[in-house]
Ligand SMILES: NC(=O)c1ccc[n+]([C@@H]2O[C@H](COP(=O)([O-])OP(=O)(O)OC[C@H]3O[C@@H](n4cnc5c(N)ncnc54)[C@H](O)[C@@H]3O)[C@@H](O)[C@H]2O)c1
């Protein structure tokens, strides 16, 4: 295959960003875009006059000239559209979160494997210079053994009509956690509150537990007066502060740590603190979505697993599904199956 012909389903808020990035990616052509809304197709015709705008997603899924389908519609439509596209022999890139349940994610993974097709999820943040740099730093052992991951993603955000704030915002941070930290979590405790009458939580707190002595915590809200996009990753040698709102100095490494000794009677511990230099690694400032588009196309061409592969996408959904169970049970521990 010399060129991958792409069809995009959904040209709402995020779809145009995908179309723009696939337009400039190597080895692919955006052939068609589907959206049920006439105003969105009119906008497409204005911005990308060479791309065929169609109303019906089937016109893309069943088009023999299209090799790969990008799905940028709301979460509950991801599974039926992706399943149909895979059944028609198309490679598929699905927006985050991959599906609305683990069972759906499993079905798609199996179908893609059976047909030898690429299945990827747009976990955009994995392709940022900041996350790539943190991966390098953690993998080369600089921070030592990771002990905790603590993320805050809050702002006066758009209330979603169909999914709660964790399903909306946390996929970004959960995908970063899953990519950076080895080992799978065992359970979740989550609580949240809905201040609207639809029972959809607009504030939620989630703890991700591991069998090891690592812990992760997520704070997500659509109702904060200030925008915070910050993650702390603590190792037993150094600690990382990742502030995505910083224009260039997004990642800071603190040569900070502590040593502790437990006294013989175990009721007293002695802690020695160490605060050293702060180091600012150089982070590439590329548009992450162009990394997503290129990884998808090259994974299809070279039959390789993309960074944001379907297995990682499924792990994100596993955590979200367990969080939902825990929230329903007022924070009771929900095991990850
Ligand atoms: N990766 C990111 O950073 C990021 C950012 C924002 C949104 N998203 C994800 O992108 C997806 C879409 O979000 P959005 O905010 O763009 O939603 P949106 O509602 O603005 O856009 C969805 C569009 O899809 C169209 N559509 C829906 N079903 C269709 C169908 N069967 N056939 C044709 N058109 C159809 C709708 O008419 C609409 O224009 C969601 O999964 C969301 O989580 C990802």
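I need the full set of residues from segment 183-202 which are closer than 26 Å to residue 147 by Cβ and touching a helix residue (DSSP H, G or I) at 6+ places or on another chain (Cβ under 9 Å), in order please.
Once the filter is applied, which keeps residues that are closer than 26 Å to residue 147 by Cβ and touching a helix residue (DSSP H, G or I) at 6+ places or on another chain (Cβ under 9 Å), segment 183-202 yields 184, 185, 187, 188, 189, 190, 191, 192.
Quick one: is residue 70 buried (at least 17 other Cβ atoms within 10 Å of the Cβ), within 14 Å of the ligand (Cβ to nearest atom), at pLDDT 95 or above and part of a strand (DSSP E or B)?
yes
Name, by its number, the condition in (1) out of contact with any strand residue (DSSP E or B) (no Cβ under 9 Å at 6 or more places or on another chain); (2) at positive phi that does not hold for residue 144.
(1)
Considering only residues that are part of a strand (DSSP E or B) and over 18 Å from residue 227 (Cβ atoms), which ones fall in segment 151-204?
Of everything in segment 151-204, those that are part of a strand (DSSP E or B) and over 18 Å from residue 227 (Cβ atoms) turn out to be 187, 188, 189, 190, 191, 192, 193.
Out of the residues in segment 117-150 that are over 18 Å from the mean Cα position of the chain (by Cα) and part of a loop (DSSP other than H, G, I, E, B), state the one that is surrounded by the most Cβ atoms within 10 Å (Cβ to Cβ).
The extreme case among them is 143.
Pairs please, first residue from segment 156-170 and touching a residue at least 40 places away in the same chain (Cβ under 8 Å) and under 14 Å from residue 75 (Cβ atoms), second anywhere and assigned to a helix (DSSP H, G or I) and more than 10 Å from the ligand (Cβ to nearest atom), Cβ atoms under 7 Å, 6+ apart in sequence or on different chains.
Close Cβ pairs satisfying both conditions: 166/320; 166/323; 167/320; 170/320.
I'm checking my understanding of the structure. Among residues of segment 108-127 that are under 18 Å from residue 176 (Cα atoms) and touching a strand residue (DSSP E or B) at 6+ places or on another chain (Cβ under 9 Å), which one is farthest from the ligand (Cβ to nearest atom)?
Looking at residues that are under 18 Å from residue 176 (Cα atoms) and touching a strand residue (DSSP E or B) at 6+ places or on another chain (Cβ under 9 Å), I get 120.
Is it the case that residue 284 is within 20 Å of residue 135 (Cα to Cα), in contact with a helix residue (DSSP H, G or I) (Cβ under 8 Å, 6 or more places away or on another chain) and loosely packed, with under 15 Cβ neighbours inside 10 Å?
Considered against the rule, which asks whether it is within 20 Å of residue 135 (Cα to Cα), in contact with a helix residue (DSSP H, G or I) (Cβ under 8 Å, 6 or more places away or on another chain) and loosely packed, with under 15 Cβ neighbours inside 10 Å, residue 284 comes out as yes.
When the residues of segment 1-31 are narrowed to those that are part of a helix (DSSP H, G or I) and in contact with a helix residue (DSSP H, G or I) (Cβ under 6 Å, 6 or more places away or on another chain), which ends up farthest from residue 302 (Cα to Cα)?
17
Quick one: would you say residue 34 is buried (at least 23 other Cβ atoms within 10 Å of the Cβ), within 15 Å of the ligand (Cβ to nearest atom), closer than 30 Å to residue 324 by Cβ and in contact (Cβ under 8 Å) with a residue 60 or more places away in the chain?
No; evaluated as a whole, the condition is false for this residue.
What is the residue count in segment 59-76 for residues that are free of Cβ contacts under 8 Å to residues at least 24 places away in the same chain and within 28 Å of the chain's Cα centre (by Cα)?
Residues flagged as free of Cβ contacts under 8 Å to residues at least 24 places away in the same chain and within 28 Å of the chain's Cα centre (by Cα) within segment 59-76 amount to 0.
Collect the residues in segment 293-313 that are surrounded by 20 or more Cβ atoms within 10 Å (Cβ to Cβ) and assigned to a helix (DSSP H, G or I), keeping them in residue-number order.
Answer for segment 293-313, where residues must be surrounded by 20 or more Cβ atoms within 10 Å (Cβ to Cβ) and assigned to a helix (DSSP H, G or I): 293, 295, 296, 297, 299, 300, 310, 312, 313.
Please go through segment 80-107 and give me each residue that is within 13 Å of residue 314 (Cβ to Cβ), within 16 Å of the ligand (Cβ to nearest atom) and surrounded by fewer than 24 Cβ atoms within 10 Å (Cβ to Cβ), ordered by number.
Result: 96, 100, 101, 104.
The values are calculated or read from the model by the stated rules, or taken from the named source; none is laboratory data. Not measured: the values here are computed from a predicted model. Ideal geometry is used to build each Cβ from the backbone, glycine not excepted, and the neighbour counts take in all protein chains shown.
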